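Accompanying notes for the structure given below.
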Amino acid sequence: EAAYKHGDAWLDEMVRYLEKNILFTDQFLREELPSVKMIPPEGSFLLWLDFRATGLSHEQIQEKLLHEAKLGLNSGTDFGPEGEGFFRMNIGCPLETVKEGLERLKKAFK
């Protein structure tokens, strides 16, 4: 009840913060790792990343994510065969955490 009555300012601030994380991620990938494309979210803090242009198999991408980047992204194939080459990243966290994850991603896939 308190959130519905008094949570508007918090929600507005949270949405702005998530939008910054989304824009940062998109810009980082375009500039630093253009073979990985971000699918803009439709109202979520979960981003789909398209790794198909890396030329690696889904399994190779997953291995690099886990063992080189040390990132646990959700596999797109968990959502069906059309998810091949896609992984889901959570950016609902501090921007510094997003930056760290993206730097690890860059090192693994550059």
Given that just one value was derived from the coordinates, which of (i) 22; (ii) 10; (iii) 27 is percent of Cα pairs over 24 Å apart? (iii)
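For Cα pairs less than 8 Å apart in space and 6+ apart in sequence, what is the mean separation divided by the residue count of the chain, i.e. the relative contact order in percent? Show your work: numbers first, answer last.
On the way: 128 pairs, mean separation 29.2, N = 110.
With pairs under 8 Å counted, the relative contact order is 27 percent.
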Sequence order, the range 102-107: Karplus ³J(HN,Hα) from phi using 6.51 cos²θ - 1.76 cosθ + 1.60, θ = phi - 60°, Hz rounded, Gly and Pro as x, gives 5, 5, 5, 4, 4, 4
Mind checking the per residue accessible area of the chain for me, 1.4 Å probe, whole number of Å²? 65 Å²
Show me, for the range 77-83, the HN-Hα J-couplings you get by feeding each phi into the Karplus relation (A = 6.51, B = -1.76, C = 1.60, θ = phi - 60°), rounded to Hz, glycine and proline as x. 5, 5, 10, x, x, 6, x
For Glu103 and Thr54, FRET efficiency with R0 = 25 Å and r from the beta-carbon atoms, rounded to 0.05? 0.90
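The values are calculated or read from the model by the stated rules, or taken from the named source; none is laboratory data. These numbers come from a predicted model, not from an experiment. With ideal geometry, Cβ positions are generated from the backbone for all residues, glycine too; neighbour counts draw on all protein chains shown. Side chains are part of the model used for accessible areas, which takes the heavy atoms of the whole protein and leaves out ligands, DNA and RNA. Shrake-Rupley method; radii C 1.70, N 1.55, O 1.52, S 1.80 Å.
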